[in-house]
Amino acid sequence: MTGGALWAGAVVTAGMVGAIIYGFLAGSFGDEGGQILDLAWGRVTLIDLYLGLSLFGMWIGWRERSISRTVPWIAGLVGLGSLAAGAYVLLVAIRAETKEDFFFGTR
């Protein structure tokens, strides 16, 4: 029913899996991650990322209405970023029967 969200979730999830694999194969997370924090725009980018993920996490919490279903997704957002967000959108889109189900969950 929510074909656009299904495709968006699939593209984001697949894109992030590819990007993470590339990052681990081509670079050193420990060495390069520290360099990001040394740069002003690196810190701004991380602030932007985590503010966006916080907003997305609030939608998950509001939509799920269950702490036991929300906490793992929030942990996923913190650790995996957009990979977790894409996976959440993909799974919700697969399960949703209507657009209202997708956005609001079952109430």
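Residues in the stretch 89-98: is at least one over 19 Å from the mean Cα position of the chain (by Cα) and of a type in the set (A, V, I, L, M)? No, that holds for no residue.
Yes/no per residue for (1) touching a residue at least 40 places away in the same chain (Cβ under 8 Å); (2) more than 22 Å from ASP48 (Cα to Cα); (3) crowded, with 19+ Cβ neighbours inside 10 Å:
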{"site": "GLY61", "(1), (2), (3)": "no, no, no"}
{"site": "GLY79", "(1), (2), (3)": "no, no, no"}
{"site": "LEU83", "(1), (2), (3)": "yes, no, yes"}
{"site": "GLY86", "(1), (2), (3)": "yes, no, yes"}
{"site": "VAL89", "(1), (2), (3)": "yes, no, yes"}
{"site": "VAL92", "(1), (2), (3)": "yes, yes, yes"}
{"site": "THR98", "(1), (2), (3)": "yes, yes, no"}
{"site": "PHE104", "(1), (2), (3)": "yes, yes, no"}
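Under the condition of being over 28 Å from ILE21 (Cβ atoms) and either touching a strand residue (DSSP E or B) at 6+ places or on another chain (Cβ under 7 Å) or among the basic types (Lys, Arg) (or both), the residues counted in the stretch 70-107 number 2. Does ARG69 satisfy the criteria of being under 13 Å from TYR88 (Cα atoms) and modelled with pLDDT under 95? In short, yes. Check whether at least one residue in the stretch 28-47 is aromatic (Phe, Trp, Tyr) and under 16 Å from the mean Cα position of the chain (by Cα), and report yes or no. There is no residue in the stretch 28-47 that is aromatic (Phe, Trp, Tyr) and under 16 Å from the mean Cα position of the chain (by Cα). Annotation: MET1 fulfils all but one of (1) modelled with pLDDT of 95 or more; (2) within 21 Å of GLY86 (Cβ to Cβ); the unmet one is (1).
Check the stretch 48-60 and report whether any residue there is among the polar types (S, T, N, Q) and modelled with pLDDT under 95.
No, the conditions are met nowhere in the stretch 48-60.
A single entry from VAL71, VAL44, VAL17, VAL12 fulfils the requirement of being open to solvent by less than 90 Å² (accessible area, probe 1.4 Å), over 30 Å from ASP101 (Cα atoms) and of a type in the set (Val, Ile, Thr): VAL44.
The values are calculated or read from the model by the stated rules, or taken from the named source; none is laboratory data. Being a predicted model, the structure only gives us computed values, none of them experimental. All Cβ positions, glycine included, derive from the backbone under ideal geometry; neighbour counts span all protein chains shown. The accessibility values were calculated without ligands, DNA or RNA, using every heavy atom of the protein model including side chains. Shrake-Rupley method; radii C 1.70, N 1.55, O 1.52, S 1.80 Å.
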